[in-house]
Amino acid sequence: MTTDRFYGGVTNRRRNLRECLKYIQSTTPTRDQLAQWVIDNTRASSAEAVNHHLAFLDAIDLIKLDDTACELAAYGEQWLADQDPDTLYAALSDGVKGFDTILQALDEEPQSDTDLMELLVSEFEEAEMTKPGPAVRHREWLQVLGYATREGDETYITDAGREVLATHGTETYQATHSPPPGVEVDDRLTQSEIEATFNTGFGYQISGINPRRDADDNQYLLLFANEDGPYDDDVTQGRFKYIGEGLEGDQSPSSPGNSVLIDAIETDIPVHFFYQSTDVTGWVYQGLVDVLGYEFEERDGREVIVFTMAHQQSTTPDWTTAVREQLKQYHDANGTRTFTLTELYEFAVSDLKRQFPDNNNIRPKIRQQLQVLRDAGDVEFLDDAGSYRITLDTDVERTENDLRAQLDAEPQLTSDEEFTEQERRVRDQAFARLVKAAYKNRCAICGTHRETPAGTPEVEAAHIYPKSEQGADDPRNGLALCKLHHWAFDTGWLAITDGYEILVADVPDRTGYHEFKQLEGQRITLPDDDEFHPHAKFLAKHRELHDF
């Protein structure tokens, strides 16, 4: 969450900014000329600080920095023409999170700077601050615009602030078969942002199936799945299964959520789908899905409704894929994996504008997707100054080689080596790729090989002696397993002898026993390369862990 000042106090910052934009419009200066103009015409003295502040104006689409010819960006041109505070507010709130959140809080009661800091930290994952500096910069901009005023240690909303808040809140969602305004597939939203987008509320927390109606009484549905529940990321593409609502007893087709999903099979009800991974906050918007059908299944001693759904095909390019491709092209063109935001803007903005002609906020979208790519392990943030490093597959391949090299030594049962979050992601990917490739994407237990409609293998890489026990990332501590048998192996239904035969837990009174009992004594499917065969050390500790 990066907010920056520009030169001048609350009373004269807009004037200084206006004169700066006029200078850019009339002269198209070089970057150095623009920095010198700021030094000559404000109280600025440090060229380094000036460039930092100018980079912020570039990031919120007021200006386009360039070494040879700086220009006005879309918001800069508009604000210089209309001088409307709402235009400047749109640039700030589109480029930086938190402005709407602060105004909403001020509308309820006055806030101190510490209150605002705590508000931003609670609402936004990236707002990591122990001092209220970023919150103060948000507050100052609201004062500059006339939307907030300061009395003592507290900030109050003004009538103009209430007016802009009401204006921004009057856009009501209309139930249509397209993403809501301002939201695109792969955008990550907080609960409050989803509530604001769809003009609705969820109470304490979001869950499951949420039938809603718009202002014209048209019905739509908000559907949520998270990795903590019975879902993994296979639900984010192609066809997938979704469990109906009802946590106890048999599920009913007449319950509010289930009945609307059933109606959606043959009626024109838009169904918006969101997914949440366990390692990140917020919900990723997956777009619209079609409900194809449903059936009843017996699970854990009760009857549940299993819906078959499919993601609607979209002709809109995928933002994450587009930015990832730009990073690959940047690396190929420049021969380096490190870059700054300004360098990436200069390289990628024109191409992305051609791909997304209806989007006027290319730079904020690039920053947003860099966050997504960081979570995916494709980009690493190097410092607060805006430097990044492209990891993509290179770090994974290097780690694969490191893990493969372990095959020449006696395996270590556990590892207490500590890794950064980024290193852990890379290591997990490398381990999974090695194990799944060794087993040719087939389940070692049942031998099945399934793929999603998009061609993604179903098989998963399981640790034999689990990571929860500090089990090593040694390929010999890995098995490729389908989702069912991965779960069964991890929970103690199944184990494997040193001779690679399947053992089944002796609990005949448990649902599922007779299904698994048929596997007992069968030999697992092994990799062609015997270096990747499961090692007896890991198999024995797994059996011990589950009392075999």
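Quick note: the coordinates plus some simple rules give every number you see, no bench work behind them. Computed from a predicted structure; not experimentally measured. Cβ placement follows ideal geometry from the backbone for every residue including glycine, while neighbour counts extend to all protein chains displayed.
Okay, here's what the table says:
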| read-out | value |
| --- | --- |
| Dipole moment magnitude, nearest 20 debye, the chain about Cα centre, only Lys, Arg, Asp, Glu C-beta charged | 1060 debye |
| Most to least packed among 84-91, 270-277, 173-180 [average Cβ atoms within 10 Å] | 270-277, 84-91, 173-180 |
| Signed unit charges on C-beta, dipole axis of the stretch 9-128, positive-most listed residue Tyr23, Trp79, Pro110 | Tyr23 |
| Answer label, with Cα Rg over 2.2 N^0.38 Å calculated from the coordinates and candidates (i) 1.01; (ii) 1.13; (iii) 1.39 | (ii) |
| Centre separation in Å (Cα based) which lies between the stretch 480-538 and the stretch 330-357 | 48 Å |
| Under 5 Å, built H, 5+ apart or other chain: amide partners of Thr155 | Gln111, Ser112 |
| Relative packing of 14-20, 262-268, which averages over residues the other C-beta atoms within 10 Å, highest first | 14-20, 262-268 |
| Highest-first arrangement of 333-341, 35-43, where packing means the average Cβ count within 10 Å | 35-43, 333-341 |
| 3J(HN,Hα) from dihedral phi, the stretch 267-275, Karplus parametrisation 6.51/-1.76/1.60, rounded to Hz, x for glycine, proline | 10, 9, 9, x, 10, 9, 10, 10, 9 |
| Positive minus negative residues near Gly512 (Lys, Arg vs Asp, Glu; Cβ under 15 Å) | -3 |
| Kirkwood-based shape ratio for the stretch 402-548, expressed as Rg/Rh from alpha carbons | 0.96 |
| Helix-only [θ]222 nm of the chain, DSSP H runs n ≥ 4, -39500 (n - 2.57) each, per residue, nearest 500 | -12500 deg cm²/dmol |
